[in-house]
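As structure tokens, the structure follows; a few thoughts come after it.
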Amino acid sequence: MRRTIRIRGARTNNLKSLDVDIPRGRLVVFAGVSGSGKSSLVFDTIAAEAGHQLNETFPPFTRNRLPKWTRPDVDDIKGLSPVIVIDQRRLGGNARSTVGTITDAWTYLRLLFSRISTPHVGESNHFSFNDPAGMCPTCSGLGEVVVSAVDRFLDLDRSLAEGAILLPGFGNGGYWYSLYADIGSFDPDTPLRDWTEEERQALLYGGEHAARLGTRPPKDYEGIVQRFERIYLHTSDNLSERKQETIARFTRSETCPECHGDRLNEAGRTATVLGHTIGELARMEITELAELVGRVTEPAVAPVKQALLDRLGAMITIGLGYLHLGRGTATLSGGESQRIKTVKHLGSSLIEMLYVFDEPTVGLHPHDVASMITLLRRLRDQGNTVLVVEHDPAVMAVADQIVEIGPDAGAGGGELVFQGAFDGLKQAGTATAAALAAQTPINTDPRTPKGTITVTGATSNNLKNLTVGFPAGVLTVLTGVAGSGKSSLAAELVAQRGAIVIDQRPVGANRRSTPITYTGIAIPIRRLFARRSGLPAAFFSANSEGACPDCKGLGVIYTDLAFMDGQETVCETCQGRRFTPEVLEHTVNGLSIADVDELTIADAIDALPDRAIKQALHHLDQVGLGYLRLGQPLTTLSGGESQRVKIAKELRDAAEPTLYVLDEPTTGLHLRDIATLLGILDQLVDRGHTVVVIEHNVDVIRHADWVIDLGPGPGRHGGQVLYQGPVAGLCGTATADAVHAR
Ligand code: ADP
Ligand code: ADP
Ligand code: ZN
Ligand code: ZN
């Protein structure tokens, strides 16, 4: 077997014909400043080639259903294995996907119940809410039912003629209006509040209420609620968007009245093991569940018990012991999702696989990072190669090898600047080495608040009825172990006080949005070229007469290949430059309009002499994104980069003092870039804004004016404020330990 993954001439994105040999069967960390090319090497080259080659072994029909991998630009790669990418994409998933089903823990729990429950129920599918044999017939295994929100149907202060029935189609002039207003049973001109209770009930529900009315409604009379449910809820038609909006407005989800959220039919939900129903176990914290399952003694189920305990144990090790198996995967955070995916693979018996992780410590308090490291090591010790893109020094310290890409971002990066052990890295003189040596000082001179923004009576999720004051006009950092309630409190701040969330969701709506379209500099650029050339500005637009006639200004030609992947090829006429040769002849500072796309933001500020362009790009440069190319699709930005683009927009636009909430803005940031981020947050605060940051990074916490530390544990063991005050006074908590260590 090959001992290394051998890469020669990697040129994807900014990689500079990189050669590197990566040891197999080891834990290797890829470090380097943000934008240096780590992902281009690990994801876009190694994982992409492994994924592509694996897909090639399947027939075309199957291939179309597999994830698409763009083939990397590389001369030669040897020594790859099948790849499993564990990234931070949220698990999402439908209402039937839970922590239990996705980790298979539920499968083992079902098996356990099928063997030893009282009374004996038999087959394990009687405990499956995704199987007709087990699902509750009322809610079809969802645990919830959609019911009419009847209280929203009527405006009691209006008469029928004034539009008292708020449902679309039922108001005055609506399709069904006359079936209620013109039958002689109801007075259309009296506000509903002045009707008798009997009359209102008859209007809504018909039936016996209607029969009791003096004036008889027609025989086929149908109350508003019945009619609404027949048309909107009990229908198998595909619902239009407008109908779906109506349903969202006039219904609500309620816990299923039959199974009370247990999702199972009567037999499945009443059987017990050790005195607990399976529904109770689904709501129990995993830590407690593991303890309970440990008490099962029947020898017949020993293997099932062990498999279940292995799964639960892995979740506890990874710091997710505060979750419960019934938790819907759609409600998990990115970091939680990534850790759940890891658990899934720990149970796998495939070996010699290639695992690729994207910043597995995201969302982890320093206190929880140790558990993640344990998992990574276990994967390696099972005989796999584990490649990790990571900025956390704690993970670098335990790696078998560190590969640093640099020296800088974008065009200034893409080279191998260090390869070796952690001790060697510290002496290497690279950006990572320098950052490891530096340390942000503890802020001993915090800003004076300009008032207090208070959240009162916060009880969502695990919060213990908190009333918390956030000081205005300063930088507050919200800390605490994973699951302690930071996001829940931040969500309350948003709900109660209208904070603006600056998150890491993508900024680019489509492949055509770039820094040029986003900042609105397309027009100033065209005008600049028009001024210099004397031609009309429209000439320099890629959807005008100046565009290449063959690719219509797209630069690529798309060929649809029915059963195969569609093929995109660079347009031969313009060589991807999108314009006609006549247009490309005209230059500004030696650059043609096509060259402008290739400029980085930082270079464009110098190379394009125009005030409007400089002003628009200035803030992006300021937030450390000067290395992005003007024509780079925003869809290629990482979460952290997208977040900084949003900060740049706020720096430019927000005039009034505003309250901002940021969730882990250091995600994807190299230690060196964290200094830049702190500078940006300071700028927001210095403009009078209030900034609240959820963060585990010690440098950010040390820099805070005010710290609110939640805990002490995750889930129901958390949800309390352990400390609030200046960072210098923080002591006696897990966060304090991390801040004062190092
Ligand atoms: P890192 O992972 O070290 O933060 P990346 O590998 O994501 O860095 O990016 C390296 C460089 O390549 C950056 O300048 C980035 O903007 C650029 N880049 C990344 N993805 C793409 C892409 N799909 N198309 C063009 N440029 C890209
Ligand atoms: P943190 O941000 O500190 O990691 P969270 O506020 O996300 O913590 O979570 C606090 C607790 O609330 C945890 O036990 C978590 O599992 C639970 N929780 C969070 N979101 C939901 C949700 N949508 N549904 C049910 N429980 C949730
Ligand atoms: Zn039910
Ligand atoms: Zn062309």
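Rule-based calculations on the coordinates, nothing more; no lab input. Source: prediction; values computed, not measured. Cβ coordinates were reconstructed from backbone atoms using ideal geometry, including for glycine residues, and neighbour counts include every protein chain displayed.
In terms of surrounding Cβ atoms within a 10 Å radius of their Cβ, Trp176, Trp706 rank from fewest to most as Trp176, Trp706. For Pro191, neighbours were defined as the other residues whose beta-carbon sits under 13 Å from its Cβ, and their charges (Lys and Arg +1, Asp and Glu -1) total -4.
Per the Debye formula on identical point scatterers at the alpha carbon atoms of segment 515-635, with no solvent, log10 I(q)/I(0) at q = 0.09, 0.10, 0.11, 0.20 Å⁻¹ is -0.27, -0.33, -0.40, -1.10. Once backbone amide H atoms are built at 1.01 Å from N, Phe579 has Cys548 as its partners under 5 Å, excluding neighbours fewer than 5 places away on the same chain. Taking the fewest neighbouring Cβ atoms within 10 Å as the starting point, the ordered list for Lys646, Lys464 is Lys464, Lys646.
Restricting the calculation to alpha carbons of segment 606-742 gives Rg and Dmax of 17.5, 59 angstrom.
Gain on full extension, evaluated as 0.36 nm per residue between Ser513 and Gln496 minus their Cα-Cα distance, stands at 2.8 nm. Using C-alpha pairs below 8 Å separated by at least 6 residues, the relative contact order for the chain is 16 percent.
Think of it as helices only: each DSSP H run of n ≥ 4 in the chain is worth -39500 (n - 2.57), and spread over all residues that comes to -9000 deg cm²/dmol at 222 nm. Based on alpha-carbon atoms, the Kirkwood radius and the radius of gyration of segment 146-255 give Rg/Rh equal to 0.96. Once you have a ≥ b ≥ c as the square roots of the Cα gyration tensor eigenvalues for segment 298-389, tell me rounded if a/c is under 1.5, and otherwise prolate or oblate according to whether a/b is larger than b/c. The shape class here is oblate. Under 5 Å between amide hydrogens, built in the peptide plane, is the criterion, and for Tyr723 it picks out Asp709 among residues at least 5 positions away or on other chains. Considering only Pro393, Val685, Leu478, whose Cα is most displaced toward the positive end of the charge dipole of the chain, charges sitting on Cβ of Lys, Arg (+1) and Asp, Glu (-1)? Towards the positive end, the residue furthest out is Pro393.
Unpaired Cys in the chain, meaning no second Cys C-beta under 4.7 Å: Cys731.
Just rank Glu664, Glu545, fewest to most, by other beta-carbon atoms within 10 angstrom.
So the residues, fewest neighbours to most, are Glu545, Glu664.
For Phe418, the residues 5 or more places off, or on other chains, whose built amide H falls under 5 Å of its own are Glu404. Normalised by the number of residues in segment 146-255, the average gap of Cα pairs under 8 Å and 6 or more apart makes the relative contact order 29 percent. When each of the peptides 410-420, 40-50 is scored by how many other beta carbons lie within 10 Å of its residues on average, the order from highest to lowest is 40-50, 410-420. Sort segment 367-433 into rounded, prolate or oblate with this rule: let a ≥ b ≥ c be the square roots of the eigenvalues of the Cα gyration tensor; rounded if a/c is under 1.5, and if a/c is not under 1.5, prolate when a/b is larger than b/c, oblate otherwise. Here segment 367-433 falls in the prolate category.
Compactness of segment 460-563, taken as the C-alpha radius of gyration over 2.2 N^0.38 Å, stands at 1.91. Given 20 °C and 1.002 mPa s, how large is the Stokes-Einstein diffusion coefficient of the chain in µm²/s, with Rh as the Kirkwood radius over Cα pairs? Answer from the Stokes-Einstein relation: 71 µm²/s.
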